[in-house]
Amino acid sequence: MLEIHEKKVFSQFGEDGITDYIFTKIGTETKYFVEIGTQDGSECNTRFLREQRGWTGIQIDAKYENPLINLHKHMVNKENIISILQSYQIPVKFDYFSLDIDGIDWYILNEVLNHYEVRAFVCEYNACLDVNVDQVIQYDPNFWDAGPYNIYHGASLKAFYNLAQSKNYSLIHSNGVNAFFVNKDYWTNDEDFPETNNLEVLWKDYPAFLGYRFMHEHPTHKHANFNTSELLLELEL
C-alpha cells in the first residue's frame, strides 16, 4: 500500500510524502491549499508544498498568525468557517485541504465540502475509535477541551469515510493519525491507490511510539456524548 511513500519533511508522520505521491497521480490545477490547524506553521501538512513544490495558499490557526506565510488567527466553527474562507477570497475549486483542530473537525469538513470542491484532502481522525465505530463528537461551537489524554475529539475514521463518500471522495490511506481522501472525479486507477475505500485494511491504530493505544478502553468513549455520521448526514438531507 502507500506506506512506502510516507516521508517527513515538515509534516509529523510522513504526510509530506503521501501528499506528493497523490498529486503525481491526480495532477494539479490551482496548486492552491487551505490548511486549518497549523500551530505556528513550522510543522504542518502544507509547508512542504509551499516551500518545495511552488504552491500558494492560506493557513488558519486558533492561536497563531504570521503574515509572512499567510497564516491567520481564527477560532473556527461550522457557523463561521465559510465566511472566514470567503473573506480571503478562497477559490471555489482548489487542490488541497488539510484539517487538524482536535475538536469539531467533522463538522468543519462537512461545511467546507458543501461549499468548495477540492482534488484531495487530509484530516485527522480519532484512532481511539475502532474501525467499525461510527462516532462524531457532539457539536459545540466553542469546543476546546478534548478531555483526558486529549482523546475526546473529532470523529472515527468510519465517520469521516461516510462523510467523504457522501461528497464524492474516496479513502486511499491512513497512518494512525491522518486520513487521505481523493476526489473521485480525478481518479486514476486502482494500482495507484490499492485497497481504496477498504476500511478494514486502511484503518490504522495510533503509531505505537505515541503510547496512546491503551486508550481504546478508556471510559471517555463509553460515557461521552457522541453522534453518528449516519444520523448527521440524514439530518442534512
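Of note:
- Of note, Tyr169 does not satisfy the criterion of being surrounded by 18 or more Cβ atoms within 10 Å (Cβ to Cβ), modelled with pLDDT under 95 and hydroxyl-bearing (Ser, Thr, Tyr).
- For segment 185-195, a residue qualifies if it is surrounded by 16 or more Cβ atoms within 10 Å (Cβ to Cβ) and of a type in the set (A, V, I, L, M, F, W, C), and exactly one does: Phe193.
- Some residue of segment 213-227 being buried (at least 18 other Cβ atoms within 10 Å of the Cβ), modelled with pLDDT of 90 or more and under 29 Å from Ile82 (Cα atoms): yes
- For the criterion of being under 20 Å from Glu6 (Cβ atoms), buried (at least 23 other Cβ atoms within 10 Å of the Cβ) and at pLDDT below 95, Ala208 fails.
- Number of positions in segment 124-153 that are within 18 Å of Glu230 (Cβ to Cβ), modelled with pLDDT of 95 or more and outside any loop (DSSP other than H, G, I, E, B): 1
- Of all residues in segment 97-112, those satisfying the criterion of being of a type outside the set (A, V, I, L, M) and farther than 16 Å from Thr38 by Cα are Trp106, Tyr107, Asn110, Glu111.
- Given (1) farther than 17 Å from Tyr21 by Cβ; (2) at pLDDT 95 or above; (3) crowded, with 19+ Cβ neighbours inside 10 Å; (4) not basic (Lys, Arg), index of the condition Val182 fails: (1)
- Qualifying residue in segment 8-22 (condition: at pLDDT 95 or above, surrounded by fewer than 16 Cβ atoms within 10 Å (Cβ to Cβ), over 22 Å from Lys204 (Cα atoms) and in contact with a helix residue (DSSP H, G or I) (Cβ under 8 Å, 6 or more places away or on another chain)): no
- With respect to being more than 20 Å from Phe193 (Cβ to Cβ), out of contact with any Pro (no Cβ under 7 Å at 6 or more places or on another chain) and surrounded by 21 or more Cβ atoms within 10 Å (Cβ to Cβ), Thr38 fits the description.
- Residue within segment 58-78 that is surrounded by 15 or more Cβ atoms within 10 Å (Cβ to Cβ), in contact with a strand residue (DSSP E or B) (Cβ under 8 Å, 6 or more places away or on another chain), among the aromatic types (Phe, Trp, Tyr) and under 24 Å from Tyr169 (Cα atoms) present: no
- Residue match in segment 113-125 (condition: surrounded by fewer than 21 Cβ atoms within 10 Å (Cβ to Cβ) and within 25 Å of Val201 (Cβ to Cβ)): yes
- Restricting attention to segment 154-186 and to residues that are hydroxyl-bearing (Ser, Thr, Tyr) and in a strand (DSSP E or B), the residue that is nearest to Asn114 (Cα to Cα) turns out to be Tyr169.
- In segment 98-107, residue surrounded by the most Cβ atoms within 10 Å (Cβ to Cβ) [restricted to those that are closer than 11 Å to Leu163 by Cβ and not hydroxyl-bearing (Ser, Thr, Tyr)]: Trp106
This table checks each residue for (1) more than 18 Å from Phe193 (Cβ to Cβ); (2) over 15 Å from the mean Cα position of the chain (by Cα); (3) not in a loop (DSSP other than H, G, I, E, B); (4) not aliphatic (A, V, I, L, M).
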residue	(1), (2), (3), (4)
Ile4	no, yes, yes, no
Val9	yes, yes, no, no
Gln12	yes, no, no, yes
Asp16	no, no, yes, yes
Phe23	no, yes, yes, yes
Val34	yes, no, yes, no
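- Residue match in segment 61-75 (condition: closer than 22 Å to Phe160 by Cα and either touching an Asp or Glu at 6+ places or on another chain (Cβ under 7 Å) or part of a helix (DSSP H, G or I) (or both)): no
- Residues being in a loop (DSSP other than H, G, I, E, B) and under 19 Å from Asn45 (Cα atoms) - total across segment 86-103: 5
The values are calculated or read from the model by the stated rules, or taken from the named source; none is laboratory data. Owing to the predicted nature of the structure, the values given are computational and were not obtained by experimental measurement. Backbone-built Cβ (ideal geometry, glycine too); neighbour counts: all protein chains shown.
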